[in-house]
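Undergrad: Here it is, the structure in full.
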Amino acid sequence: MRFDRLVAVLLLLQRREQVTSAEVSRELDVSERTARRDLEALAMAGVPVYSVRGRGGGWRLVGGARTDLSGLTASEARALFLAVGPASGATPAMKAALRKLVHALPKPFQVEAEAAASSLVVDPQRWGASRIEHRPPRFLDELQDAVIRGVQVSLGYVDGKGVETRRTVHPLGIVAKGPVWYLVSNTGTGRRVFRIDRVSSADPTENPVQRPGDFDLAESWNEIAEEVDRKRTPLEVSAVCTPEGIDVLRMALGDRLDVGGPTTDGRVAVVIRGPNEYILAGELSGLVEWVEVTAPPGVRDRMASIGNALVERYGRPRTGGGLHSS
């Protein structure tokens, strides 16, 4: 928190040219003694700040010294510098720009800012999963440039069946979901989403994008993601679960689980989504210790068949192939 306060004091000095410890105290909601120590710490750290004694005195920056980061809090600055480090998926150009921002900080603050760049590592691989290197798709830079410049693109695209088409699109934004990048666009048939790794060519035009005035990329993507989820998991199963089993279901099913209220017998009503009866029955058969499916009947019937098959295969003692003692 002290680093944040010192940057805040510096920005306050830049805005007002001169401040008193009482003014800093009120602005930052700290004691006047703490404010005075922060001002003295700036001077001791080498920031060109000095005190003016007597009536009308206060603290000033020598020659109105400034940093180009006015308006940027220390927390915001550190968040930016995290993008420079090994956890980042930023482009080399973005990393270079952020490193220049580091050097725009006053010298006393550069140590913490630079430390932020090496303070975090993100390993996206789950334990036991094969390690795959995900590289940015081929036409990512061209499409991002088209979004920024607001120009239409003649797009070559190969769909999931391997059929290639060409069309003119109005790029609205780019979204990364996990390792996959998507282009959100307007087309002649409405709003569409394209996987950028399936783009076979991207030729920007000089024609401006027709962008809806109320378009918000984050809101649009949320709507798209919800629609995709509904299509991928159209079947809903109603069930009841013991209270101690709710955490097990959350781990096993993730956001395909909706938890309701308590039932009359002390269990919890839940709704589980999945692609079809067969897959859901297989998943839920391993959770019967906690879960009882109430609907639809087709899932219950499949679970009963799975149970009978398990009893048939594993319910009887094995014969032959074992070790025998004399």
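Undergrad: How large a share of the accessible area of the stretch 274-313, in percent, is made up of carbon and sulfur atoms when the probe is 1.4 Å and the other protein chains stay in place?
TA: 55
Undergrad: Within the stretch 248-282, name every residue whose backbone N is under 13 Å away from a label modeled 7 Å from Cα of residue 313 along the Cβ vector.
TA: In the stretch 248-282, the label zone of residue 313 (backbone N under 13 Å from the point 7 Å along Cα→Cβ) covers 282.
Undergrad: Rounded to the nearest 0.05, what FRET efficiency do residue 62 and residue 135 have when you use their Cβ-Cβ distance and R0 = 56 Å?
TA: The computed FRET efficiency comes out at 0.70.
Undergrad: While we're on this one: With each label point set 7 Å from Cα along the Cα-Cβ vector, what nm distance links residue 231 and residue 22?
TA: With each label point 7 Å from Cα toward Cβ, the separation is 6.6 nm.
Undergrad: While we're on this one: In Å², and per residue, what accessible area does the stretch 216-326 have when probed at 1.4 Å with the other protein chains present?
TA: 69
Undergrad: Mind listing which trypsin sites (Lys or Arg not before Pro) in the stretch 133-196 are in a DSSP loop and have 10 or fewer other Cβ atoms within 10 Å?
TA: 161
The values are calculated or read from the model by the stated rules, or taken from the named source; none is laboratory data. Please read these numbers as outputs of a predicted model, since none were measured by experiment. Reconstructed Cβ throughout: ideal geometry from the backbone, glycine too, with neighbour counts over all protein chains shown. We work out accessible area using only protein heavy atoms, side chains counted, and drop any ligands, DNA or RNA first. Shrake-Rupley method; radii C 1.70, N 1.55, O 1.52, S 1.80 Å.
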